[in-house]
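The values are calculated or read from the model by the stated rules, or taken from the named source; none is laboratory data. From a predicted model like this one, the values you see are computed outputs, not experimental measurements. A quick note on method: Cβ atoms are made from the backbone with ideal geometry, for glycine too, and the neighbour counts reach across all protein chains shown. For the accessible areas, the whole protein counts, side chains as well, though only heavy atoms, and no ligand, DNA or RNA atoms are used. Shrake-Rupley method; radii C 1.70, N 1.55, O 1.52, S 1.80 Å.
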Amino acid sequence: NTHNMANLKTNYLGIEIKNPIVAGASNISTKKENLKWLEEAGVAAIVYKSLFEEQIQLETLQLDEELAEYNERHAEMVNIFPDISHAGPKEFLYQLGEAKSSVKIPVIASLNGMYLQTWMEYAKLIEETGVDALELNFYQVPTDFDKSGITIINKQVEIIEALKSRLKIPISVKLDPFYTNPLNVIDKMQEAGSKGFVLFNRLFQPDIDIDTESHVSHFNLSREGDYGNTIRYAGMLYGNIDASIIANTGIYTAKDMIKMILAGADAVQVVSTLYKNKISYVSEMLMDLESWMSKKGYKSINDFKGKLSRKNTKDPFAFKRAQYIDMLLKNADDIMKKYPVR
């Protein structure tokens with residue numbers, strides 16, 4: 001299908017991609033045939049599933065235990081940073097290289113970890129697979145009462161700086177939504193060398209089963225419409241940072257994607273819609289995007305990107321409180337009529 005009507009190209013971390021739809025990191029990317037299907041459906045780039053620090057540590061630990069069963073072990077011998085000779089990370093690097101060579105569209109690696117040294121070692125090896133960029137996933141649930149927020153942020157900024165000085169490929173950061181002031185954090189991280197920000201990470205949330213009185217975990221797809229926070233921050237960042245703004249969470253349809261771009265996003269990452277509506281649905285999203293653009297007379301993404309950002313919005317309160325208070329005050333009676341509580 002020829003996209004000669006509208007130009008859907010956009011910029012992702014300084015890489016030109018053919019449209020704004022990027023497949024976010026998920027298990028989908030680990031099957032080779034899925035990569036091909038994603039490419040055929042029209043996805044512009046793929047984020048390959050993350051290698052988690054815990055996974056590296058765990059594999060290493062198991063292997064060390066098997067190797068060292070009869071060794072006398074003492075503290076100095078124990079190296080908390082696994083060396084690369086273990087199969088898990090090696091296998092991951094091999095799969096990543098295979099993924100990269102199996103498609104023509106950009107492939108972005110994703111890395112999650114907490115220990116600076118481990119990052120350095122792996123990031124370099126990840127770059128050597130030929131991937132186009134690296135997405136850092138700062139997924140961290142604070143479990144520690146003595147650590148201040150600023151300590152955590154400084155550590156993350158330090159990791160970005162260290163990686164930036166070692167890698168040639170661009171780095172982006174996938175942020176969780178729980179910073180007190182994401183704008184300030186993003187500013188610091190951009191200065192440290194991040195070329196893009198994925199807003200926001202969906203965190204694993206615990207749950208409890210009251211019959212068995214036990215902890216349970218669900219495979220959580222994001223809910224449709226789960227993107228209010230993303231719109232708010234995309235809209236506030238647009239025109240105020242040089243880095244790419246990438247919207248993530250609850251983006252199921254072309255309509256959702258258009259909202260993100262109007263707010264100020266350069267591109268979107270989708271995952272849940274691929275599970276729910278299947279990979280082929282991407283081509284429908286692209287057709288819907290094109291027909292909306294032609295209906296509005298937009299020739300390119302840049303024609304409407306950020307049109308409803310804070311920078312381009314006359315109403316100073318649109319992003320501050322989304323007129324919520326005004327709406328409540330003005331419409332209190334109507335709201336009561338519409339939602340009687342008795």
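List of remarks:
- Odd one out for ASP315 among (1) acidic (Asp, Glu); (2) within 28 Å of VAL47 (Cα to Cα); (3) at pLDDT below 95: (2)
- Qualifying residue in region 200-217 (condition: at pLDDT below 95, aliphatic (A, V, I, L, M), under 29 Å from LYS36 (Cβ atoms) and open to solvent by 40 Å² or more (accessible area, probe 1.4 Å)): no
- Some residue of region 242-250 being open to solvent by less than 50 Å² (accessible area, probe 1.4 Å) and out of contact with any strand residue (DSSP E or B) (no Cβ under 8 Å at 6 or more places or on another chain): yes
- Verdict on ALA234 being among the hydrophobic types (A, V, I, L, M, F, W, C), in contact with a helix residue (DSSP H, G or I) (Cβ under 9 Å, 6 or more places away or on another chain) and more than 30 Å from LYS314 (Cβ to Cβ): no
- Within region 260-280, the residues that satisfy the criterion of being assigned to a strand (DSSP E or B) and closer than 17 Å to ASP176 by Cα are VAL268, GLN269, VAL270.
- Conditions (1) at pLDDT below 95; (2) assigned to a helix (DSSP H, G or I); (3) open to solvent by 40 Å² or more (accessible area, probe 1.4 Å); number of the one not met by THR230: (3)
- Qualifying residue in region 174-194 (condition: open to solvent by less than 90 Å² (accessible area, probe 1.4 Å), at pLDDT below 90 and under 26 Å from ALA254 (Cβ atoms)): yes
- The set of residues in region 89-122 being at pLDDT 90 or above, assigned to a helix (DSSP H, G or I) and open to solvent by less than 10 Å² (accessible area, probe 1.4 Å) consists of LEU96, ALA99.
- If the condition is being in contact (Cβ under 8 Å) with a residue 60 or more places away in the chain and assigned to a helix (DSSP H, G or I), then region 238-259 contributes only MET257.
- Selection from region 26-49 of residues that are open to solvent by 30 Å² or more (accessible area, probe 1.4 Å) and in contact (Cβ under 8 Å) with a residue 24 or more places away in the chain: THR30, LYS32, LYS36, TRP37, GLU39, LYS49
- Scanning region 20-37 for residues that are in contact with a Lys or Arg (Cβ under 7 Å, 6 or more places away or on another chain) and not in a helix (DSSP H, G or I) yields ALA25, SER26.
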